[in-house]
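Written out below as structure tokens is the structure these notes cover.
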Amino acid sequence: MKRIYLIRGAMVDSPPLFNSEHDYTTYDVYSNTSYFARALPPVPRDCPTPLGVVGPKELPDANLIVQTLMKRTQFKPETMGSNALFTFFAQHFTHQFFKTDFRRGPGFQWGGHGVDVSHVYGKDKHVENLLRSFTDGKLKMQTMNGETWPMLVKDVDIQMTYPPNVPEEIRFALGHKDFGLLPGLFMYATIWMREHNRVCDVLKVEHPEWDDERLFQTAKLVILGETIKIVVEDYVQHLSNYNFKLTFKPELLFGEAHQYSNRITAEFNHMYHWHPLMPEEFNISGTTYGVKDFLFRPDIVIKHGMRNFVDGMVHQRAGAFTHHNHNQYTLHVAKETIEHGRTLRYQSFNQYRKRFSLPPYKTFEDLTGDEEVALQLSELYGGDIEAVEFYVGIVVEKTRPKAMFGSTVIELGGPFSVKGLLSAPICSRQYWRPSTFGGEVGFDIVKTATLEKLFCQNLGESDCPTIAFKVPSEVVDTDLTGNTEL
Ligand code: HEM
């Protein structure tokens, strides 16, 4: 495990060398954290083509690319049996650090550059204070249908992005302004808030003398620790499909050359645009919802109850991350991602492969593993494999055998993930000790956290449904595509 941490982590420049402002290193790259960092510098402006010296002078129309290569024709399920609990975990977890500041442009961001649980507690102290109850360290929550849920914006004045037609009684106030978008995000937001309050109860028994502030601050550190533990041992374990058991052991890096600081790169963000993972529909207790029915409807979770909603997500297969599998509500995001890559003057897909020690593709067939897609891609890019753009390559690349993604996502994502996860301050020798987490009891919560416990301890019901990032086997057997491989 130590080798994985070290080798993967060392692929990432720390401190970063580039951002999107210049094609060379500047002091600003280090000091101006409102920029995303870059794994590769932008193509210099005076180059003959948008990709440097390769490819056409004018790149193909982004809309044509998404219509030709990305639009979902028929839902393709993910072949390892991943479910919607996984899809929403990916989206919820990563939105704490993928935060493009679209007003300033795609090179800018408004986050803290790492795993900082800001998606639970808010982007700054002001939001955090609004979310707090200031009693026993807990977050403010309300009871509806016999369960605890986040507060409404009308009661807790947090700026959220709800379209005007969303009624006041379903505008919930959450740690991330966009988490009202989908019930699956609301599910995770609620579960983590419940977990925070549960941890506060545990800590209060241990430390009856502690005031609200100390309970809150310590519970927040426990939640951060639990998050990383679950991400490494449940989430990355599932998505990597390694036979090898991944473990979260920060002590393995003590004394090694490792920086406890992190910067999110624009390329990591684009690479993580995993919209094809979103299925076409969701069945919850016998009611089927399309993606459209889900948009800005957090109340669906409350209506069915947390337990039934979670059960529905566990049984719903995720989509495969591949070509022709973006649903219609995310197709515009794919188009914008390609356009942003152009604004940011990304180098070509093959250049990124080289940056991460992968051989560049020589043919379209080799890249896609599919003759028809290879032909479509070749037509779009004038037969020049070197002209394929970063996000397009990410989406059309053939998946590795027994894997959810192609080699580029795996070899870029691995280093950025390892580096990001192990750079949290709690992973340092100075933090990683019982006293940080309120004693052995809190430290133990962190060290034994699992996805299953996260849900089962917060559903408020004695019978916990199966909790996993894979659908139970009976769902795979009835797969429409006939693909029964798990
Ligand atoms: C129906 C489901 C989804 C919808 C409607 C949706 C919608 C959006 C929208 C509107 C944006 C802003 C993009 C722009 O303006 O260019 C966005 C960004 C993004 N989405 Fe999704 N998304 C969905 C699912 C997912 C999933 C499953 C993931 C998986 C991780 C994901 C990852 C991202 C990322 C990383 C960003 C960039 C965020 C940022 O930089 O601020 N999305 N999405």
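FYI, it's all coordinate maths here, none of it is from the lab. Model, not experiment: these values are computed from the prediction. All Cβ positions, even for glycine, are placed from backbone atoms using ideal geometry, and neighbour counts span all protein chains on display.
Scoring 451-462, 336-347, 125-136 by mean Cβ neighbours within 10 Å over their residues and listing the highest first yields 336-347, 451-462, 125-136. The packing ranking of peptides 274-282, 138-146, 359-367, highest mean first, is 274-282, 359-367, 138-146, where packing means the average number of other beta carbon atoms within 10 angstrom of each residue.
For the chain, taking a cut-off of 4.7 Å between Cβ atoms, the unpaired cysteines are Cys47, Cys200, Cys427. Ellipsoid fit via the Cα gyration tensor, the chain: semi-axes of 36, 27, 22 Å, each the root of five times an eigenvalue, largest first.
FRET efficiency for the Asp28 to Glu256 pair, using the beta carbon distance and R₀ = 35 Å, is estimated at 0.75. Between the residues Asn19, Ser435, Pro106, the greatest Cα displacement towards the positive end of the dipole of segment 2-456, with unit charges on the Cβ of Lys, Arg, Asp and Glu, is found for Ser435. Local charge for Val446 was computed over the other residues whose Cβ lies under 15 Å away, with Lys and Arg +1 and Asp and Glu -1, and equals -1.
Straight-distance candidates among the aspartates and glutamates for linking to Lys398, with alpha-carbon spacing under 12 Å and chain neighbours fewer than 8 residues away dropped: Glu365, Asp366, Asp370, Glu371. In a simple Cβ point-charge model (Lys, Arg +1; Asp, Glu -1; nothing else charged), the chain has a dipole of about 840 debye relative to its Cα centre. Across segment 363-430, the fraction of Cα-Cα pairs farther apart than 14 Å, rounded to a whole number, is 64%.
Please name which of Leu224, Leu375, Tyr329 has its Cα lying farthest along the dipole of the chain towards the positive end, using unit charges on Cβ (Lys, Arg +1; Asp, Glu -1) and the Cα centre as origin. Checking the options against the dipole of the chain, the answer is Leu224.
Compared with the direct C-alpha span, the chain from His207 to Glu169 gains 10.0 nm at full extension, assuming 0.36 nm per residue. Amide H contacts of Ala37 (H built 1.01 Å from N, in plane; Pro and chain starts excluded): Ile264, Thr265, Ala266 sit under 5 Å, all sequence-distant by 5 or more or on other chains.
Segment 211-262 and segment 137-209 have Cα centres spaced 23 Å apart. Placing R0 at 35 angstrom, the Cβ-Cβ distance between Asp157 and Ser285 gives a FRET efficiency of 0.55 after rounding to 0.05. Electrostatic tally near Leu459: other residues with Cβ closer than 14 Å to its Cβ, Lys and Arg +1, Asp and Glu -1, net -2.
Between Asp178 and Phe102, the simple label model (points 7 Å from Cα in the Cβ direction) yields a spacing of 0.7 nm. Placing a pseudo-label 7 Å from each Cα along the Cα-to-Cβ vector at Gln430 and Glu21 gives an inter-label distance of 2.8 nm. Net charge near Asn145, counting Lys/Arg +1 and Asp/Glu -1 over other residues with Cβ under 14 Å of its Cβ? Summing Lys and Arg as +1 and Asp and Glu as -1 gives -2. Taking the Cα centre of segment 423-463 as reference, the dipole from Cβ charges on Lys and Arg (+1) and Asp and Glu (-1) amounts to some 380 debye.
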